[in-house]
Structure formats: structure tokens, C-alpha cells
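The values are calculated or read from the model by the stated rules, or taken from the named source; none is laboratory data. Small disclaimer: the values here were computed from a predicted structure and weren't measured. Quick reminder, even Gly has a Cβ in these numbers, built from the backbone with ideal geometry, and neighbours come from all protein chains shown. When the accessible area is computed, the model is the full protein with side chains, heavy atoms only, and any ligands, DNA or RNA have been set aside. Shrake-Rupley method; radii C 1.70, N 1.55, O 1.52, S 1.80 Å.
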Amino acid sequence: MNKSENNNFETLKQALKLKRHEIPPPGYFNNFSSDVLDRIRAGESGGRESFAERLQTQAPWLIDFIRLFETKPGLIGAFAISACLVLVFGIVLAERPDAAPQDFMATAGGAANNQAATETVALTDPVLTPAGDSAGGIVASTNPVVSLQPATGLFGQQNPLFQSASFAPVGH
Amino acid sequence: MSDPAMTPDSNQPEGMLEGDLVRHARRGDLAAYDQLVKRYQERIYATIYHMTANHEDANDLAQDAFIKAYQALKTFKGGSSFYTWLYRIAVNKTINFLKQRKNKYHLSLNDLDFNAENDPDLVALVSHKTPVRDAGLSELQKKLNEALLKLSEPHRMVVILHDVQGMSHEEIAEIAGCNVGTVRSRLFYARQQLQGDLAEYMKPA
């Protein structure tokens with residue numbers, strides 16, 4: 001089978017050599033380069049080009065990169081897995097709840113340290129708590145609505161949503 | 001003593017190496033580019049002609065390829081030879097053209113040169129008792145071109161660059177941007193297809 005197939009291919013290759021004897025009209029190449037240069041001087045473009053052709057000449061590395069996937073299908077899987085991992089990592093990082101609140105607590109803790117006289121922590125009714133204790137400050141709270149509420153308003157009136165926190169260490 | 005006018009001068013475009021010509025052409029030296037066109041015009045034209053089987057289309061596409069290459073010279077980094085890079089442009093342009101034309105082709109074949117009947121391979125081919133001898137080379141030429149046009153563009157490109165133009169698998173792989181194994185398999189498949197289409201001409205009587 002191989003022998004006859006090879007023989008046939010040899011015959012085919014001989015027949016294909018016939019194509020080498022197909023030649024353009026005599027003198028065809030005499031003006032070819034001057035025609036090309038005339039068109040270049042006239043500012044002509046090299047015909048309409050597709051997006052793929054433009055990429056081929058301007059970013060051949062991208063075409064090579066894409067073709068790498070064609071020749072090595074395993075790379076497609078590796079690339080897809082890496083892309084998924086990056087995506088999952090990004091989502092997990094974005095959903096971590098600790099980053100911003102930690103900063104806020106640190107700020108609030110600093111404010112509390114400035115008021116070192118108050119060492120008691122207790123959730124108290126806003127009405128019972130003197131506004132002056134932390135007037136103008138930002139008060140920490142587990143209540144998200146009131147957490148950033150100042151103790152007093154612009155004109156000195158007490159903020160009804162304000163909750164003061166006090167802390168009493170055990171044993172004192 | 002030789003005539004100085006006849007001695008190749010490395011300062012003149014005619015005597016320059018390819019790399020120097022490319023460098024000069026990149027700076028806008030059209031005389032240098034003219035030399036590059038003259039060096040490769042026949043091979044580029046022939047490749048496109050064999051792909052399209054149409055002289056007029058090959059003429060337009062070959063000119064377009066050289067113009068495109070001149071405009072894109074600034075992006076030529078020299079990673080491959082200019083010749084390979086130029087071939088890539090020409091082949092991509094031709095494949096793009098053929099895809100737009102789809103299957104509507106019109107043969108406009110060039111004449112066979114006078115040496116065709118003296119080519120030892122062709123003499124061997126027609127000297128066998130095959131139908132080819134009766135059909136004549138012109139008939140075979142037509143059938144061969146029709147069979148080539150039935151191949152997909154990538155398969156046609158490989159068989160033309162290898163079996164007609166005489167390029168190596170490695171060179172074709174670089175031009176086509178694929179690996180050598182792909183070139184080999186495409187070549188095998190293309191030959192099988194051609195063999196099937198030209199069965200009546202290929203089998204011994």
C-alpha cells in the first residue's frame with residue numbers, strides 16, 4: 001500500500017512541477033517594480049485589509065500567541081484555569097469585610113483614647129447621655145445607622161440617633 | 001581590468017545586501033525598495049498566481065503585497081528574514097482575498113513555457129502509458145489547477161510552497177505561523193485530496 005501510495009505521490013509531485021512552467025506574459029516583470037513604486041509615490045494603500053491582516057503586520061506577537069493555542073491545546077486549559085483563579089481571588093479579596101471597618105475602628109479607638117476619662121462602655125439611651133461627653137466627635141457603634149453620626153448637629157442640637165459608648169473594665 | 005561601472009558597488013542599491021536594503025528602505029529610500037521588489041517579485045507573484053489560478057488577481061495582489069510591506073516596514077523587527085516576512089504578508093493577503101471570493105473562481109492561466117515539454121519529470125510522466133499523454137499538458141494543467149482550487153486555502157498554500165516552490169517544511173511553518181507537524185499533516189492531506197481528484201491521470205494504464 002505504502003509503495004503504491006508513494007509511487008502515486010511521486011507521480012503527483014511530477015505533475016505539480018508542471019505549475020513551475022506556467023509563466024506570465026513576456027516582459028511582464030519589466031514594469032512590475034516601477035508600477036509598485038508609482039503606487040507607493042501616489043500614496044496608495046496596499047488594498048483593503050482585514051483586521052487579521054492589520055494584526056499580522058502590526059502585532060505579529062499577538063497572532064503568534066493565538067496560534068500557540070492552536071498548536072498546543074493544553075495551553076488553553078492552563079490559561080483558562082489561571083484566568084479563573086485570578087477572578088476568584090479578586091472576588092474573595094473584594095468581599096473581605098475587615099479592611100475598611102478596621103481602619104474605622106482604629107480611628108474611633110483613637111478618639112476614645114483622647115477621652116481617657118471615660119472608661120466605661122455601655123450602650124445607653126441617647127436621652128440619658130450628656131451630649132457634651134463626646135460633642136462633635138464621631139462615635140463608634142455596632143449600629144451601622146448611627147456609627148458615623150456626630151453627637152450634636154450643626155446648631156448644637158442633640159442628635160437623636162447618637163449613642164454613647166462607655167466601657168467599664170471588670171473589677172473596677 | 002574590469003569596467004568599474006560593471007563592478008557591484010555596495011553603496012549602490014544593486015550591490016547591497018538584503019539587510020542594508022531593508023534599512024535604507026525603512027528610511028524611505030525607494031531605490032533600495034525597488035531592489036527588494038526586483039529580488040522577490042517573481043517568487044511572490046508565482047506563489048499568489050498558483051494560489052489564485054488567475055493572472056490578473058495575482059498581479060493586483062502581488063502589487064498590493066509589496067505596497068503593504070513597504071508601509072509596514074517600520075514594524076518589521078528583523079525577527080525573521082525579510083523574505084519570510086514578505087511571504088507572510090503576501091500569503092495572508094491572498095488567503096483573505098480568496099475567502100472573500102469564496103468558491104467563485106475564474107481560471108486565467110498563464111501559458112506553459114517552452115521548457116515544459118523538455119522537463120525530465122514531465123517527460124517521465126507523459127512517457128508512461130497514462131491517459132496524460134493523450135490529454136496533453138494543457139489539459140493536465142487545467143485539471144491540476146481545478147483540483148488545487150478545491151483544496152482549502154491552508155492546504156493549497158502548503159502544497160504550493162512545498163511541491164511547486166520547493167520550500168522546506170521549516171520555512172513553510174515560519175510563513176504559516178504553525179509548527180512543522182501541522183505543515184506535514186496538511187501536506188499529506190492535500191496530496192491525498194489531489195491524488196483523489198486527479199486519479200484518472202495518476203493511475204498507470
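A few points about this structure:
- In the set B:70, B:87, B:49, B:40, only one residue is open to solvent by less than 10 Å² (accessible area, probe 1.4 Å) and within 11 Å of chain A (Cβ to nearest Cβ); that residue is B:49.
- Helices (runs of 4 or more DSSP H) fully within the stretch B:164-205 counting 2 or more residues that are over 23 Å from residue B:44 (Cβ atoms) and facing chain A (nearest Cβ under 9 Å): B:180-197, B:199-202
- Scanning the stretch B:150-170 for residues that are surrounded by fewer than 19 Cβ atoms within 10 Å (Cβ to Cβ) and either within 15 Å of the chain's Cα centre (by Cα) or free of Cβ contacts under 8 Å to residues at least 40 places away in the same chain (or both) turns up B:152, B:153, B:154, B:165, B:166, B:168, B:169, B:170.
- Just so you know, in the stretch B:103-116 the residues that are at pLDDT 75 or above and within 10 Å of another protein chain (Cβ to nearest Cβ) include one that is most open to solvent (accessible area, probe 1.4 Å), and it is B:111.
- Residues of the stretch A:25-42 that are under 12 Å from residue B:33 (Cα atoms) and either surrounded by 14 or more Cβ atoms within 10 Å (Cβ to Cβ) or touching a helix residue (DSSP H, G or I) at 6+ places or on another chain (Cβ under 7 Å) (or both): A:33, A:36, A:37, A:40.
- Residue A:19, sole failed condition from (1) farther than 26 Å from residue B:100 by Cα; (2) crowded, with 18+ Cβ neighbours inside 10 Å; (3) modelled with pLDDT of 65 or more; (4) not aliphatic (A, V, I, L, M): (1)
- Scope the stretch B:175-184; condition more than 18 Å from residue A:69 (Cβ to Cβ) and of a type outside the set (A, V, I, L, M); matching residues: B:184
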